[in-house]
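Inspection log for the structure reproduced underneath, given as structure tokens.
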Ligand code: ATP
Ligand code: MG
């Protein structure tokens with residue numbers, strides 16, 4: 001079985017917080033590769049100023065250039081909208097049966113998992129890996145697990161679901177960077193240098209992204 005990391009997000013723009021999360025998950029879990037999945041139509045984000053899918057995917061492509069174990073996929077653009085992770089995971093598993101998928105998400109996202117479409121099915125389709133992000137840490141994670149999945153079986157630090165998939169917390173270096181913060185900085189004419197790859201910074205400026213407050 002090929003161990004594949006999947007990392008979904010809006011990536012508007014992609015930054016070092018995303019890249020380090022993927023890098024740390026890759027090494028900690030011994031993954032073959034990590035696939036970045038830009039969301040085509042995020043159900044949670046009704047942002048009228050969301051950049052077009054193509055531009056967000058392009059920024060990820062620029063960011064991961066030269067990293068042989070990182071890839072970007074346009075799967076969610078091709079699937080029906082809105083983009084639901086459960087639907088994406090089912091499509092991936094149908095396309096390739098011999099995959100062991102590790103779905104990577106930040107703690108902020110996990111803490112609102114109950115708002116995701118059919119979230120109970122997620123751990124029946126893939127391993128879930130929750131990385132440090134924003135407020136809280138392992139304690140907040142454990143509390144949320146109790147709330148969301150009260151009867152899940154615990155094996156040490158790992159939770160195991162019927163079918164064998166697991167849920168775990170992966171502590172990573174906390175980088176307090178968000179795309180929202182970067183977009184605000186650009187709009188104010190501030191510098192975003194050193195918070196994201198230089199190629200992405202240049203692309204943002206060239207395309208005039210995030211200039212207008214919608
Ligand atoms: P926005 O501010 O627009 O919400 P964001 O920086 O939160 O952008 P997203 O595209 O929403 O980025 O996040 C995609 C995934 O990456 C989520 O699972 C999120 O938790 C995770 N993530 C985002 N930023 C970081 C970070 N700095 N460290 C760790 N994980 C992160
Ligand atoms: Mg976010």
Using the eigenvalues of the Cα gyration tensor, what equivalent ellipsoid semi-axes result for the stretch 127-214 when each is taken as the square root of five times the eigenvalue, whole Å, largest first?
38, 13, 12
Could you tell me how many degrees, from 0 to 90 and to the nearest 10, lie between the Cα long axis of helix 138-148 and the main elongation axis, the longest principal axis, of the Cα atoms of the chain?
60
At the level of C-alpha centres, the distance separating the stretch 45-77 and the stretch 109-177, in angstrom, is 24
Rounded to one decimal in nm, the spacing of the 7 Å Cα→Cβ label points at residue 193 and residue 95 is 3.9
Roughly how compact is the stretch 1-114, stated as its Cα Rg over 2.2 N^0.38 Å to two decimals?
1.01
Estimated inter-spin distance, residue 180 and residue 54, nm [label 7 Å along Cα→Cβ]:
2.9
Please list the three semi-axes, largest first and in whole Å, of the ellipsoid equivalent to the chain, using sqrt of 5 times the eigenvalues of its alpha carbon gyration tensor.
29, 18, 17
Label zone at residue 33 (point 7 Å along Cα-to-Cβ), backbone N below 20 Å, the stretch 127-145:
127
Output the 0 to 90 degree angle, nearest 10, between the alpha-carbon long axis of helix 53-64 and the longest principal axis computed from the alpha carbons of the chain.
80
Could you work out the mean projected area of the convex hull around the alpha carbons of the stretch 57-133, in square nanometres to one decimal?
6.1
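Throughout, read-outs are computed from the coordinates displayed, never taken from laboratory work. Not measured: the values here are computed from a predicted model. No Cβ is skipped: glycine too gets one built from the backbone with ideal geometry, and neighbour counts run over all protein chains shown.
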